[in-house]
Amino acid sequence: MTVLIESPSLVTEDERHSRPSPTGRGVMSLWLVMALMMAYYLVPVWWLAVNATKSNTDLYSSAALWFGSANGILENIAATFTQDDGAFGRWLVNTVLYTGVGGLGALVVSGLAGYGFAKYDFPGKRLIFAALLGIMMIPLTALVIPQYLLMAGLGFVNTPWAVILPSMLNPFAVYLVRVFAQDSVADEVLEAARIDGAGEWRAFRSIALFILRPALATVLIFSLVGIWNNYFLPLLMLSDSALYPITVGLADWYARAEATAGASTPLFNLVITGSLISVVPLVVAFLGLQRYWVGGLAMGSLK
């Protein structure tokens, strides 16, 4: 013990102050990891934005991560909406239709089903919910063929309903609402509403629905993004190009551009510009619903 007290320090006071603290190094590591993650996600978006300003020839002859001509973006947007007699505009309307109806349908179905699983007891409840969790483990691509056979039996193939109806069923959304309702909607509050004469629908509409807003906003964001970016389901269900969503339509343009490969093919820059345009509605929807989503995260952090 004496030796330890009398031994001279090998580190001077200035060196001790100049050395970064372990906490500082940890913060720097976190910032570095965060910067790498931001670069991973933002560089493709940057590439998409700058290359949407270039002509098809400039795509091969200019710097990949810098802009083209000043008016190139306007020319590309005009060409995108006029190519093939305005096919991109039809695909955009189709995508908004499929996403809007499918997203709202998923919101209603998952909201009612999740609330029912959380607040009511009925025969087979555990078995049905276990089956629901099991479905979440199955890749969506494995369910496309059974969905196609079901839609073919109903006569919905090559109609908008073949894309909208399967999009309304989201097992993860039901699970999310069920967990949120079980923890957030108190049974005592519902019982007080029943004592005051409110029916089950009135209690759900006036009390539970207000409390469930953060969970429902999260479900709506996930549903909108999933349906908007869905490619495989509409590719299998739709054969009429007039019914294509943006994902399938742009893939069709890209396949045509590759089939006639060469710098003179005008479709590559239109595919890039169309991809950039297709991102804008999702960003607007996310920003519009963000305050509800953040509110739900904050509510969860206080529990």
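Of all residues in the stretch 115-124, none satisfies being assigned to a helix (DSSP H, G or I) and open to solvent by 40 Å² or more (accessible area, probe 1.4 Å).
For the condition hydrophobic (A, V, I, L, M, F, W, C) and in contact with a Ser or Thr (Cβ under 9 Å, 6 or more places away or on another chain), what is the one hit in Ala106, Ala130, Ala63? Steps first, answer last, please.
Working: Ala130 fails: in contact with a Ser or Thr (Cβ under 9 Å, 6 or more places away or on another chain); Ala63 fails: in contact with a Ser or Thr (Cβ under 9 Å, 6 or more places away or on another chain).
Unique residue meeting the criteria: Ala106.
Taking residues in the stretch 221-243 that are farther than 15 Å from Ala285 by Cβ and assigned to a helix (DSSP H, G or I), and partners anywhere that are open to solvent by 20 Å² or more (accessible area, probe 1.4 Å) and among the charged types (D, E, K, R), the pairs with Cβ atoms closer than 7 Å and at least 6 places apart or on different chains are Ser241/Asp252; Ala242/Arg90. Is it true that Lys54 is of a type in the set (D, E, K, R), modelled with pLDDT of 90 or more and open to solvent by less than 60 Å² (accessible area, probe 1.4 Å)? Answer is no for this residue.
Could you please let me know if Ser223 is touching a Gly at 6+ places or on another chain (Cβ under 6 Å) and more than 26 Å from Thr53 (Cβ to Cβ)? The answer is yes for Ser223.
Sub-8 Å Cβ pairs linking a first residue in the stretch 150-163 that is within 15 Å of Tyr244 (Cβ to Cβ) to a second residue that is surrounded by 15 or more Cβ atoms within 10 Å (Cβ to Cβ) and among the polar types (S, T, N, Q), at least 6 apart or interchain, are Pro160/Asn94; Val163/Asn230, ordered by first then second residue. Cβ-Cβ distances below 6 Å connect the following pairs, each with a first residue in the stretch 175-196 that is charged (D, E, K, R), a second residue that is open to solvent by less than 50 Å² (accessible area, probe 1.4 Å) and in a helix (DSSP H, G or I), and a separation of six or more residues or different chains: Arg178/Gly114; Arg178/Phe117; Arg178/Ala118.
Test Val144 against the stated conditions and say whether it is at negative phi, surrounded by fewer than 17 Cβ atoms within 10 Å (Cβ to Cβ), of a type in the set (A, V, I, L, M) and without any contact (Cβ under 8 Å) to a residue 24 or more places away in the chain.
no
Give the residue that is most open to solvent (accessible area, probe 1.4 Å), with candidates limited to residues of the stretch 73-98 that are part of a helix (DSSP H, G or I) and among the small types (Gly, Ala, Ser). Residue satisfying both the conditions and the ranking: Ala78. Identify the residue in the stretch 57-72 that is more than 19 Å from Leu267 (Cβ to Cβ) and among the aromatic types (Phe, Trp, Tyr) and, among all such residues, is surrounded by the most Cβ atoms within 10 Å (Cβ to Cβ). Checked the stretch 57-72; the qualifying residue surrounded by the most Cβ atoms within 10 Å (Cβ to Cβ) is Phe67. Which residues, counting only those in the stretch 253-276, are farther than 14 Å from Leu59 by Cβ, open to solvent by less than 70 Å² (accessible area, probe 1.4 Å) and out of contact with any helix residue (DSSP H, G or I) (no Cβ under 7 Å at 6 or more places or on another chain)? Within the stretch 253-276, just Ala255 meets the criteria.
Residue count for the stretch 44-68 under the criterion of being without any contact (Cβ under 8 Å) to a residue 24 or more places away in the chain and closer than 15 Å to Ser275 by Cβ: the result is 5.
May I ask you to say which residue of Ala173, Ala198 is open to solvent by less than 50 Å² (accessible area, probe 1.4 Å) and at pLDDT below 90? Steps first, answer last, please.
Numbers: Ala173 fails: at pLDDT below 90.
Just a single option satisfies the conditions, and that option is Ala198.
Looking across the stretch 235-247, the residues that are more than 28 Å from Gln290 (Cα to Cα) and open to solvent by less than 30 Å² (accessible area, probe 1.4 Å) come down to Met237, Leu238. Are any of the residues in the stretch 206-226 open to solvent by 90 Å² or more (accessible area, probe 1.4 Å) and closer than 13 Å to Ser110 by Cβ? Taking every residue of the stretch 206-226 in turn, at least one turns out to be open to solvent by 90 Å² or more (accessible area, probe 1.4 Å) and closer than 13 Å to Ser110 by Cβ.
The values are calculated or read from the model by the stated rules, or taken from the named source; none is laboratory data. Since we're looking at a predicted model, the values are computed, not measured. All Cβ positions, even for glycine, are placed from backbone atoms using ideal geometry, and neighbour counts span all protein chains on display. In case anyone asks, the SASA skips ligands and DNA or RNA and just uses the protein heavy atoms, side chains included. Shrake-Rupley method; radii C 1.70, N 1.55, O 1.52, S 1.80 Å.
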